[in-house]
Amino acid sequence: MRLWRRPAPEPPASTRVTDGPVLEFTEVSLTYPGPLPVAALRSATFSVHRGEYVTIVGRSGSGKSTLLNIIGLLDRPTTGTYRLDGIDTGLLGDWQMAALRARRIGFVFQAFHLMPHRTAVENVSLAMLYTGARGAARLRAAHDALEKVGLGHRRDALPTQMSGGERQRVAIARALAAQPSLLLCDEPTGNLDTESADLVLHLIDELRKDGLTVLMITHDESVASRGDHTVRIVDGRLIDPRVVDRPAAVI
């Protein structure tokens, strides 16, 4: 019995460009259907360039989760264009979307989402099943990723034997193992004490200095201030201080 399906091939060259932003939204909206349709994201236009550290701030219910799901290729927008690494994601089928997500986006969530009965290295390695890498290559990449986050010595430990900060660093290693184009973080310190949160944020700072592109969604202004710049989301509308060609920079 096969536990996984062979990943879809990379999208055809005609869907890609060779340079430009890692992530680019052009008039992206998402409306949930119903008797009273809900416009969760409204005409969002923004971009994240290679090596940038961008933070997105918004209150509960502002549309952060919708934005995260679109960026993470978990939901499709109703209208607009979303390019990831120059690939027009609107032209992709479901399996191509899944393959692109596995290869190009590393996720770090508030909840660690680690398998409790698997070791750190197993948690990291298994997350690469859908990248198409073979077992030995996955294991090498998992070891390297754990070393990068300072947990090489804990590779055989179970999540239940780790502190919250260590578990989040394993989650970051899992996100890094496939060498993604974008590290997408959703409230990564929300379940941590102050000391552990500082260590995790410092690690993300160091990864960004090494050239990783980071997009962090948060409600914490002090966390948001660590990025290169901050985009705000209010009632489904993005407010990007870099957008100067529209009234009040509201997009």
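The values are calculated or read from the model by the stated rules, or taken from the named source; none is laboratory data. Quick caveat: nothing in here was measured; it's all calculated off a predicted structure. All Cβ positions, even for glycine, are placed from backbone atoms using ideal geometry, and neighbour counts span all protein chains on display. Side chains included, ligands, DNA and RNA excluded: accessible areas come from the protein's heavy atoms. Shrake-Rupley method; radii C 1.70, N 1.55, O 1.52, S 1.80 Å.
Remarks
- Here the chain exposes an accessible surface that is 51 percent carbon and sulfur, computed with a 1.4 Å probe and the other protein chains kept in place.
- With distances taken between every two different alpha-carbon atoms, the chain has a Kirkwood hydrodynamic radius of 18.8 Å.
- Percent RCO, i.e. relative contact order, over segment 56-192, from Cα pairs under 8 Å lying at least 6 residues apart: 32
- Percent RCO, i.e. relative contact order, over the chain, from Cα pairs under 8 Å lying at least 6 residues apart: 28
- One quarter of the surface of the convex hull around the alpha-carbon atoms of segment 149-215 equals 4.6 nm², the direction-averaged projected area.
- Heavy-atom SASA rank of LEU139, LEU84, LEU203, LEU91 (probe 1.4 Å, accessible area, largest first): LEU91, LEU139, LEU203, LEU84
- Accessible area per residue was computed with a 1.4 Å probe on protein heavy atoms; HIS113 scores about 120 Å².
- Once you divide the Cα radius of gyration of segment 14-129 by 2.2 N^0.38 Å, the number left is 1.18.
- Summary of packing: across the peptides 64-77, 169-182, the per-residue average of other C-beta atoms within 10 Å ranks them, highest first, as 169-182, 64-77.
- For THR26, net neighbour charge (Lys/Arg +1, Asp/Glu -1) across residues whose Cβ lies under 11 Å away: -2
- Per residue, segment 99-251 exposes 48 Å² of solvent-accessible protein surface, assessed with a 1.4 angstrom probe and all protein chains in place.
- Applying 0.36 nm per residue to the separation of THR78 and ASP228 and subtracting their alpha-carbon distance, the gain on full extension is 51.1 nm.
- This model, with +1 at the C-beta of Lys and Arg and -1 at the C-beta of Asp and Glu, gives segment 107-214 a dipole about its Cα centre of some 520 debye.
- Taking the square roots of 5 times each eigenvalue of the Cα gyration tensor of segment 73-163, largest first, gives ellipsoid semi-axes of 30, 15, 11 Å.
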